[in-house]
Amino acid sequence: GTETISIGAIPQDPSVEFYTRMVEGYQDGAKEMGVELDVQYSNNNVEEETRLTEAFISQGSSGVIVNPIDSVAIAGPIQKAKNAGKHIVLTDVTPEDDPGATAIVTSDNYSGGKAAGEMMMEMLPNGGKIIMTKFKFSSIAMDDRYNGFQDAIAGSNIEIVDTIDVDGTREDTLAKITPMLSKYPDLAGIFCSQGDPAIGCLAAVDAANMSDQVTILSYDVESEVAEAIKQGSAIKGGVTQFPYVMGYEAVRQTVRAIRGEEYEKLIELPVLPVTKDNVQELIDDQAEFLKKYGGYDLAAGK
Amino acid sequence: MNNNKIGGTTLWQRLRSNLSQYAGVLAALVVLIVVATIFKPVFLSGDNIVNMIVNSTTIGLAAFGMTFVILTGGIDLSVGALAALTGVFAADLLGRGVPMGVVIPLGIIAGALVGMGVGAIIAKTNIPPFIVTLGLTNIYSGLAIAYNDGYPVPIALEDPFTVLGNGKILGIPTPILVLIAAFIICYIILNKTNVGRNVFIIGGNKEAARLSGISVTKTTMFSFAIHCALVALAGMILASRLYSGLPSAGKNMEMNAITAVVLGGTSMTGGDGNIIGTVIGVLLLQVLLNVMTIFSFPAFLQSLVQGVIVIVAVLYDYLRKKKI
Amino acid sequence: MNNNKIGGTTLWQRLRSNLSQYAGVLAALVVLIVVATIFKPVFLSGDNIVNMIVNSTTIGLAAFGMTFVILTGGIDLSVGALAALTGVFAADLLGRGVPMGVVIPLGIIAGALVGMGVGAIIAKTNIPPFIVTLGLTNIYSGLAIAYNDGYPVPIALEDPFTVLGNGKILGIPTPILVLIAAFIICYIILNKTNVGRNVFIIGGNKEAARLSGISVTKTTMFSFAIHCALVALAGMILASRLYSGLPSAGKNMEMNAITAVVLGGTSMTGGDGNIIGTVIGVLLLQVLLNVMTIFSFPAFLQSLVQGVIVIVAVLYDYLRKKKI
Amino acid sequence: MEENIVTLRGIGKAFNGVQVLSQVDLDFKKGEVHALVGENGAGKSTLMKILMGIYDRTQGEIVIDGKEMDETYSINTARANGINMVPQELALVPALSVGENIMMGRKKGNHGFFSLKKTQQEAIPYLNQLGITVSPEVRVDSLPISYRQMVSIAKTCADDAKLIIMDEPTSSLSKEEVDELMAVIRRLKEDGKTIIYISHLLDEIFAISDRITVLRDGKKIVTKRTEELTQRELISYMVGEDLLHTQEALREDGEEGEDILRSAGETPVLELKDIRRRGTDKRVSLRLYPGEIVGVTGLIGAGKTELIRSIIGLDKMDEGQIFVKGRPVTIRSPRDAYALRIATVPEDRKLEGLALIRSVRENISMTQKYRKSISRAGFIDKKKERENALSHIEKLNTKVADLEQRVLKLSGGNQQKIVISKALLSGPEILIMDEPTRGIDVGAKATIYQLLQELKKEGMAILYFSSDVSEMSFVGDRVLVMREGEIVRELPKKQATVENMLNYMAGGTSNE
Ligand SMILES: Nc1ncnc2c1ncn2[C@@H]1O[C@H](COP(=O)(O)OP(=O)(O)OP(=O)(O)O)[C@@H](O)[C@H]1O
Ligand SMILES: Nc1ncnc2c1ncn2[C@@H]1O[C@H](COP(=O)(O)OP(=O)(O)OP(=O)(O)O)[C@@H](O)[C@H]1O
Ligand SMILES: [Mg+2]
Ligand SMILES: [Mg+2]
């Protein structure tokens, strides 16, 4: 028979659900494709990303999947893989100027942001003041989200009165949104550019008894955000990426590339709006949800 | 007689000497408040003030505990990781149906036990506490991640446990009540009890303490036990406020707690300071954070200001000690 | 005769005592290597070995610098943030067209100057170094984020600067050459120059140093200057390897550097240790990381193991000192 | 030829407002051995640290080789002018080799480079000069204490000093080593070097010195050529007329009571039976009865402090038994000792007695035993605490501004009174005092002597450790002399004369 193929995957952070979901996708994908998979988290440490890439390569992996911490610094691992003649596939983050990854499986961040903006307009038909949280480290992917959102609400009477830098955690967001609620007593909404901060916003809004007044929209709908949407909290909705599908597809394209089969160089998964009406479907099955609302059939094997 | 010069001081004298002790921080606090209020009157709104206090709960509890630890001459850099671990632990128990009436005391007791262990290691071996606790950070984090394979452990929005962080009792937010209760307990322990006195003495001079029949090991264990119990409580409040036990929670908590303690005039070398100072330090820090946010300081500037504050606080402590 | 003097030593005796000094770590290293090779022969492949050494460059440089700092009795918790800041700074200069021949020395000099400042503060004020450098972490990070509004600063793939981290000279990866050069320089400074001996002397007995006319302030400044210069170099190598200056780079670098130094037998209280030990410590740490990766340890276990290693290393240091 | 290498004029020094040296005029001649003597705390070390540039003087002038030194005078100026010191505390770097330690302070003409081998080689002559057989390659921390002291001296010799200050250089040397050192000093003297020699051992002083200066309470009393002085005169200069009178008065008091002879049946309140500290082969036995003061004396390093440490459980005992009121007891820590009503006034009040940054009140009530006695359910009765503190402050005539003042700011004598109050408040039946009058003024000393008599009348048993023989001659009801870790002689009060004690302390065997 054929030699077993082994690949390595380097997701970012074991304590963030987005990545653990992605890892499930990697694992299921590897099972389907019949390859060996080794997963090592980079723990948000760019140096680790490079070290692990090299380690996988020297241990005989035929391909490496990385979820880049940074769209520029990923150049390092890509070069390493290229020099060793190995395939490298990226998930979620598109590199700044593509130095030659085998394939990229990502989300369309701009239209995701746009979808969130449109949802905000729908939820606040009369407009109003809103604030937006930003990740304190800047990147193209993040900018796409902000721009998509801003472009969508441009011309409406929704006004972004403040943008808040957060470190991506719930706590930091909670601490920073709380004074904002005093500063803008007539605040109508918050757009959170990440999932964890949305929970932080929810906590702040709840504590200030403003959940009837403030509409929170989240970019990313992980299980806790989904639960909050379902229960009718101040998080009224959001847009979701599909980390599970992303992971699955990444493995599939990697293996195809290794086997010399045809593969997709760029997969841009849609980012889809989620509201109370359809959130249960998302909770039940990401892939089904994607198929139903995004017309993307994972099982069909793109 | 009270007038007797050597005997007790009058209340007024004591108040004055107390105020002068905090002159620097209090002045900074007043200036901050005045400036903030002039430019953004919203700063002084009732809402904002209540919010500030609620937000200072977790840092406040950790800072109270840290006061004990620093008074003994120690330090703890693992606060955030322990808080996260406790949060995950509590959330998990709640998920298994254990009622909050059991979970909260259990969390606190677990914290105290961990603290006793840490205190014992530090007192027995003379390893620098900052390195022991730096190592512990990794261990706690590892355990917190392992607990639920890295997933946050959700707490149902309707679980009564969420009252701990988000609810009100008699119109007062629960965290504020917890903070006040913790303050009173810490104040009484440090100022009225025998064991509290030992904390100051071993921080002042371990050798003299030992020769006076005070057990340095037991007192260090006690301090760390109180500290870790408070950190555990802070971790649970955090979990309650965030509706989940998060392995990555508690970022920067130790840094903030240490800053508050040092701002409050407790000496890094131990033996000198008190919990009232820490309260002032926590308030100053919180007001500062609040003001920076209200004025929309960018992230980098907030980070910078915090770093400068820490260094200024220890420099101030150093200059003050030099004067003594 | 040498024989009847107390402690007269022959070369053989000296070698033996040197080896026995590292017996613990060397044994650990050998066991790790043997076990890894038996279960995963790939461990001993040329590629893997070269990778391991290349990967230890940044930690290694930081650990060499940290050896100076710890020998004086200090510590530096701001290593990662300073490395990140230097990386951003270097990438920015390169982007402005400054050639690498200027950028690299400039970065090193800037690091040295920063180090002199830090050393001066620490020596003059007696503020615990760990708290000064904890504060500096925030300041460096703030500056690194501010530099380019939080964006990473890209370095062109074809920029010759990328050779620093990724290239080869005469078939040997550049970082390995840099590491070896740095080791030789540090070894010479510490063992063959007066100022290097002063580092041991002030770490061993500040009073004696003063009595012998050795300036504690200058020596501390020198140690921190060397240290920060090496950290700056590490930051630039990191930037070169990542093709960008990243404000968030350098995570855990201080922790790893300290662990390596302590594993290498340098005493946390200063005055005792050496750079050869640090090399062994760096290797052990790197082999450990590599082995954990090869054996696919889950994330939580890796964090746990690192924490335990730190504590075991300092405990070992403590027990060793107790025996002396 | 009798030129002055150093002249000190009107030197004064105050620490935190406490004057510890005033108006000291002194000159040192080329090639002389100049002994500096005085009781503990007389200011010898402080004066020498001023000369060495370690402390800034508060008043006065330093003239070296006819050149007046300005305000910037520092260690480096001193060293550049050929002045060097073997400090009282060992100033060596433990992790470095002997050779490096010796050559540490040398001016280096090697363009900043350093060779370990060469350095160690260069140190050999200085080791040979002292006649010690230590390899220059071994680490200092692998040497016994006495060798470290020799290395410390060799280090100074290596530093090209014209004037060498030796502050109690023999305190941890054996008899033979002392003889060797004396030979070295003579050789240095022949080389034209000036030695300032500080020692409490009068025999040594008379054997080696050319001139002797006596300091008392920070003032210079006299400088005389050695041959113009007798031991008796020297002691009277050192101790002072006032104190001699007090002593005589006290001695007369004591003599009224005669030497108390204990009946065989009476139980000692404390008895040590053949106790042997871990790591030694010396055994110690003693008995202490209620209402008596037993003095224990011996040279510095005779093992007095170590004996106390074994009694209160700080050092482990390998053999022997302690009895309190006839019952065998095990004391593992000071806490156990307090429980048995044994209180200690430790030797070094700053390091072992006080938490300097805490208040007078807190220091007075430091012992756990006392605080437990005024606590209910763990809560301290603050009112009682304050009252008791006040009454003890009055009782010992302690001068403090108020109870909340930090003890840091108090003078040594007042600090010592606080340490004593602290011990007394624990309610002891046995009080162990280690050098309680070291470094305190005459007035405070008198208060302490008086207090001792009162305590004795109240029935307390006191073990009084001191290396100050002049006070020992009247404080103790009987005196035990220690040498090299053993009690070598018990002297009844009448025989406890200064000469007698000095004789046994230094190793003499016969009486008179
Ligand atoms: N750094 C200091 N701060 C405050 N007081 C000091 C300091 N050093 C010494 N003293 C005080 O100065 C006085 C003289 O001390 P010094 O050490 O000079 O005495 P000495 O004659 O050397 O005594 P000994 O024989 O015990 O060595 C003592 O009362 C001592 O307590
Ligand atoms: N730090 C030390 N390490 C090793 N040996 C020591 C140390 N300090 C003292 N010694 C030795 O221990 C022995 C007894 O010392 P101890 O302190 O009991 O003497 P002492 O009679 O109380 O003298 P002193 O008057 O100095 O207090 C001496 O031989 C001394 O050299
Ligand atoms: Mg002295
Ligand atoms: Mg003694």
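A few comments on the model shown:
- Residues located in the range C:46-77, provided they are outside any helix (DSSP H, G or I) and either within 16 Å of C:Ala229 (Cα to Cα) or at pLDDT below 85 (or both): C:Ile75, C:Asp76, C:Leu77
- Contact annotation: residue pairs with Cβ atoms under 6 Å, 6 or more positions apart or on different chains, pairing a residue in the range D:196-209 that is in a helix (DSSP H, G or I) with a partner that is away from ligand 3 (no atom under 14 Å from the Cβ), are D:Leu202/D:Gln231; D:Asp203/D:Ala506; D:Ile208/D:Val33; D:Ile208/D:Met182; D:Ile208/D:Ile185.
- Among the residues of the range A:195-206, the one identified as more than 10 Å from B:Leu242 (Cα to Cα) and open to solvent by 30 Å² or more (accessible area, probe 1.4 Å) is A:Asp206.
- The range B:164-186, residues that are open to solvent by less than 60 Å² (accessible area, probe 1.4 Å), within 13 Å of chain A (Cβ to nearest Cβ) and in contact with a Ser or Thr (Cβ under 8 Å, 6 or more places away or on another chain): B:Leu164, B:Gly165, B:Asn166, B:Gly167, B:Pro175, B:Ile176
- Residue, least open to solvent (accessible area, probe 1.4 Å), within the range D:367-387, restricted to residues that are hydrophobic (A, V, I, L, M, F, W, C) and facing chain B (nearest Cβ under 8 Å): D:Ile380
- Looking across B:Leu230, B:Leu304, B:Leu289, one residue alone is within 30 Å of D:Asn363 (Cα to Cα), open to solvent by 10 Å² or more (accessible area, probe 1.4 Å) and not acidic (Asp, Glu). It is B:Leu230.
- Picking from residues in the range D:130-167 that are of a type in the set (A, V, I, L, M) and within 16 Å of ligand 1 (Cβ to nearest atom), the one that is surrounded by the most Cβ atoms within 10 Å (Cβ to Cβ) is D:Ile165.
- Selection count where residues are away from ligand 1 (no atom under 16 Å from the Cβ) and open to solvent by less than 10 Å² (accessible area, probe 1.4 Å), scope the range D:462-486: 11
- For the range A:99-116, the criterion of being within 14 Å of another protein chain (Cβ to nearest Cβ), open to solvent by less than 50 Å² (accessible area, probe 1.4 Å) and part of a strand (DSSP E or B) is met by no residue.
- Of all residues in the range B:195-227, those that are among the β-branched types (Val, Ile, Thr), open to solvent by 10 Å² or more (accessible area, probe 1.4 Å) and either free of Cβ contacts under 8 Å to residues at least 12 places away in the same chain or at the interface with another protein chain (Cβ under 7 Å from one of its Cβ atoms) (or both) total 1.
- Among the conditions (1) within 14 Å of chain B (Cβ to nearest Cβ); (2) within 15 Å of C:Thr219 (Cα to Cα), C:Gly150 misses just one, which is (2).
- Condition met for D:Val269 (under 25 Å from the mean Cα position of the chain (by Cα), more than 14 Å from every other protein chain (Cβ to nearest Cβ) and modelled with pLDDT of 90 or more): no
- Residue list for the range D:438-448, filter: in contact with a Ser or Thr (Cβ under 7 Å, 6 or more places away or on another chain) and either within 16 Å of ligand 4 (Cβ to nearest atom) or more than 18 Å from D:Gly38 (Cβ to Cβ) (or both): D:Ala446, D:Ile448
- Which listed residue, of D:Glu347, D:Glu352, is within 16 Å of ligand 1 (Cβ to nearest atom), within 14 Å of chain B (Cβ to nearest Cβ) and in contact (Cβ under 8 Å) with a residue 24 or more places away in the chain: D:Glu347
- Counted residues, the range B:172-200 - those being over 15 Å from the mean Cα position of the chain (by Cα) and among the aromatic types (Phe, Trp, Tyr): 1
- The single residue among A:Glu281, A:Glu224, A:Glu249 that is assigned to a helix (DSSP H, G or I) and at pLDDT below 90 turns out to be A:Glu224.
- Per-region count, the range B:283-324, residues over 20 Å from C:Leu136 (Cα atoms) and of a type in the set (Ser, Thr, Tyr): 2
- Among the conditions (1) more than 16 Å from ligand 3 (Cβ to nearest atom); (2) open to solvent by less than 30 Å² (accessible area, probe 1.4 Å), the only one that D:Pro492 does not satisfy is (2).
- Scoring C:Lys124 on the criteria (1) away from every other protein chain (no Cβ under 13 Å); (2) touching a residue at least 24 places away in the same chain (Cβ under 8 Å); (3) among the charged types (D, E, K, R) leaves a single failure, condition (1).
- For the range D:16-52, the set of residues classified as open to solvent by 10 Å² or more (accessible area, probe 1.4 Å) and either within 16 Å of ligand 4 (Cβ to nearest atom) or within 14 Å of another protein chain (Cβ to nearest Cβ) (or both) consists of D:Asn16, D:Gly17, D:Glu39, D:Asn40, D:Gly41, D:Ser45, D:Lys49, listed by residue number.
- The single residue among D:Leu452, D:Leu463 that is within 16 Å of ligand 4 (Cβ to nearest atom), out of contact with any Phe, Trp or Tyr (no Cβ under 7 Å at 6 or more places or on another chain) and farther than 22 Å from D:Leu215 by Cα turns out to be D:Leu463.
- Among residues of the range D:300-333 being within 16 Å of ligand 1 (Cβ to nearest atom) and not aliphatic (A, V, I, L, M), the one that is modelled with the lowest pLDDT is D:Gly301.
- Some residue of the range D:432-442 being within 16 Å of ligand 2 (Cβ to nearest atom), modelled with pLDDT under 80, on the phi > 0 side of the Ramachandran plot and out of contact with any strand residue (DSSP E or B) (no Cβ under 8 Å at 6 or more places or on another chain): yes
- Restricting attention to the range A:7-47, the residues being more than 14 Å from chain B (Cβ to nearest Cβ), open to solvent by 10 Å² or more (accessible area, probe 1.4 Å) and not in a strand (DSSP E or B) number 7.
- Sole exception among (1) away from ligand 4 (no atom under 16 Å from the Cβ); (2) open to solvent by less than 60 Å² (accessible area, probe 1.4 Å); (3) among the β-branched types (Val, Ile, Thr); (4) in a loop (DSSP other than H, G, I, E, B) for D:Thr280, by number: (1)
- Among the residues of the range D:401-409, none qualifies, meaning not one is open to solvent by less than 10 Å² (accessible area, probe 1.4 Å) and closer than 24 Å to D:Met238 by Cβ.
- Selected residue (only one of B:Ser303, B:Ser248 is assigned to a loop (DSSP other than H, G, I, E, B) and either within 13 Å of chain C (Cβ to nearest Cβ) or modelled with pLDDT under 85 (or both)): B:Ser248
- Restricting D:Ile165, D:Ile185, D:Ile124 to those that are within 14 Å of chain C (Cβ to nearest Cβ) and away from ligand 3 (no atom under 16 Å from the Cβ) reduces the list to D:Ile124.
The values are calculated or read from the model by the stated rules, or taken from the named source; none is laboratory data. Predicted model, so just to flag it, every value in this text is computed and none were measured. Note: ideal-geometry Cβ built from the backbone for every residue, glycine included; neighbour counts use all protein chains shown. The protein model used for the area step is the full one, side chains on, heavy atoms only, and it has no ligands, DNA or RNA in it. Shrake-Rupley method; radii C 1.70, N 1.55, O 1.52, S 1.80 Å.
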